[in-house]
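Visitor: Pasting in a structure now, in structure tokens, and then I'll have a few things to ask.
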Amino acid sequence: MDPASRTLPGAERHVQLMATCLCDAFYDDVARATVEVLEYLGCLVDFPEGQTCCGQPAFNGGDWAASRQVVRHTVRTFSGDTPVVVPSSSCAAMMFHGALLEFEKEPDLPAVTALGRRTWELADFIVNALGTTIWTGRYEATVAFHRSCHSRGTPGDGAALALLASVPGVTVVPFGEGEQCCGFGGTFSVGFPNISARMGALKLEHIRAAHPDVLVSGDMSCLMHLGGLADQEGRPIRRQHLAQVLRDALKNGGLL
């Protein structure tokens with residue numbers, strides 16, 4: 001998706017929130033933090049209650065017919081012309097491209113493409129749509145930032161890291177093989193659990209070597225995978241989504 005082609009928020013900064021399946025099932029506080037951060041930035045946030053999934057799990061699993069149905073439902077649910085903000089690079093990527101429908105000439109394709117042009121990953125939206133490049137408040141921690149595979153090479157990747165590094169009190173520490181996948185890969189972790197776990201264990205070794213206070217990412221799936229492996233090892237690691245760090249910084253600074 002060409003960033004220049006995407007819909008910018010209007011003067012009233014009206015947006016729709018796509019909370020994702022992971023927020024619904026496991027990370028409700030990430031959705032809450034996302035709303036609080038967007039409202040702090042002056043956005044009016046709508047939450048379409050009919051939303052379900054972006055369609056990526058079925059697409060990655062090869063069930064294209066099911067994925068097509070979910071994509072069509074998502075297009076209908078997020079109707080209108082306001083930007084759609086997603087606190088997940090992988091879900092945002094699916095919505096950028098409407099993956100499956102691009103393979104066929106279908107009547108729904110223009111609507112899918114239009115939704116893609118209105119979709120923003122959270123950090124990308126904050127920095128490149130709203131123009132907020134410096135965060136305020138306070139968050140005292142040494143942070144290891146994990147770049148998810150879907151964020152690499154996108155505007156959201158650099159935006160998330162720059163925004164995190166700007167938080168007063170945050171020190172971002174690099175770690176070895178930072179560009180490597182955590183091993184989750186959605187249905188990859190189900191189809192190849194042993195490989196997935198080995199990849200995650202290697203990632204955790206590099207992260208721990210940097211001695212961070214907290215592991216931060218813009219993707220809940222990566223945090224769930226790495227956190228679950230760390231818990232199974234009996235060596236839990238504190239983890240937070242970027243939205244939670246931004247929200248907590250505001251609270252620590254007395255701004256929320």
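The values are calculated or read from the model by the stated rules, or taken from the named source; none is laboratory data. Nothing here was measured: the structure is a model prediction, and the numbers come from that model. Cβ: placed from backbone, ideal geometry, glycine included. Neighbour counts: every protein chain shown.
Visitor: Look through the range 58-83, keep the residues that are of a type in the set (D, E, K, R) and assigned to a helix (DSSP H, G or I), and return whichever of them is modelled with the lowest pLDDT. Working first, answer last.
Guide: Just the residues of the range 58-83 that are of a type in the set (D, E, K, R), to begin with: 63, 68, 72, 76, 81.
Restricting the remaining residues to those that are assigned to a helix (DSSP H, G or I) gives 68, 72, 76.
Values: Arg68: 85, Arg72: 89, Arg76: 92.
So, considering only residues that are of a type in the set (D, E, K, R) and assigned to a helix (DSSP H, G or I), the one modelled with the lowest pLDDT is Arg68.
Visitor: Right, next: So which residues in the range 122-140 are touching a Pro at 6+ places or on another chain (Cβ under 9 Å) and on the phi > 0 side of the Ramachandran plot, if there are any at all?
Guide: Matches in the range 122-140: Gly137 only.
Visitor: While we're looking at this one, here's another question. Counting residues that are under 14 Å from the mean Cα position of the chain (by Cα), which strands (runs of 3 or more DSSP E) fully inside the range 116-235 reach at least 2?
Guide: Once the strands (runs of 3 or more DSSP E) in the range 116-235 are filtered for at least 2 residues that are under 14 Å from the mean Cα position of the chain (by Cα), what remains is 119-121, 141-146, 214-217.
Visitor: Sticking with this structure for a sec: Kindly indicate the residue of the range 18-40 that is in a helix (DSSP H, G or I), small (Gly, Ala, Ser) and within 14 Å of the chain's Cα centre (by Cα) and also surrounded by the fewest Cβ atoms within 10 Å (Cβ to Cβ) among those meeting that condition.
Guide: As a first pass, look at the range 18-40 and keep what is in a helix (DSSP H, G or I): 20-25, 28-40.
Next cut, small (Gly, Ala, Ser) only: 25, 31, 33.
Okay, now just the ones that are also within 14 Å of the chain's Cα centre (by Cα), so 31, 33.
Working: Ala31: 21, Ala33: 25.
The extreme case among them is Ala31.
Visitor: Within the bounds of the range 41-48, is there any residue that is on the phi < 0 side of the Ramachandran plot, assigned to a helix (DSSP H, G or I) and out of contact with any strand residue (DSSP E or B) (no Cβ under 8 Å at 6 or more places or on another chain)? Even if it seems obvious, please write down each step before you answer.
Guide: Quick first cut of the range 41-48, residues on the phi < 0 side of the Ramachandran plot only: 41, 43-48.
Then keep just the ones that are assigned to a helix (DSSP H, G or I); that gives none.
No, because not a single residue in the range 41-48 is on the phi < 0 side of the Ramachandran plot, assigned to a helix (DSSP H, G or I) and out of contact with any strand residue (DSSP E or B) (no Cβ under 8 Å at 6 or more places or on another chain).
To keep it simple, each residue is scored yes or no on (1) closer than 13 Å to Ala243 by Cα; (2) free of Cβ contacts under 8 Å to residues at least 24 places away in the same chain; (3) surrounded by 19 or more Cβ atoms within 10 Å (Cβ to Cβ).
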| residue | (1), (2), (3) |
| --- | --- |
| Leu122 | yes, no, yes |
| Phe125 | yes, no, yes |
| Asn128 | no, no, yes |
| Thr133 | no, no, no |
| Tyr139 | yes, no, yes |
| Thr142 | no, no, no |
| Ser148 | no, no, yes |
| Ala160 | yes, no, yes |
| Leu163 | yes, no, yes |
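Visitor: Residues of the range 237-256 being over 22 Å from the mean Cα position of the chain (by Cα) and in a loop (DSSP other than H, G, I, E, B), which ones? Give the derivation first.
Guide: From the range 237-256, those over 22 Å from the mean Cα position of the chain (by Cα) are 252-256; that's our starting set.
Of everything in the range 237-256, those that are over 22 Å from the mean Cα position of the chain (by Cα) and in a loop (DSSP other than H, G, I, E, B) turn out to be Gly253, Gly254, Leu255, Leu256.
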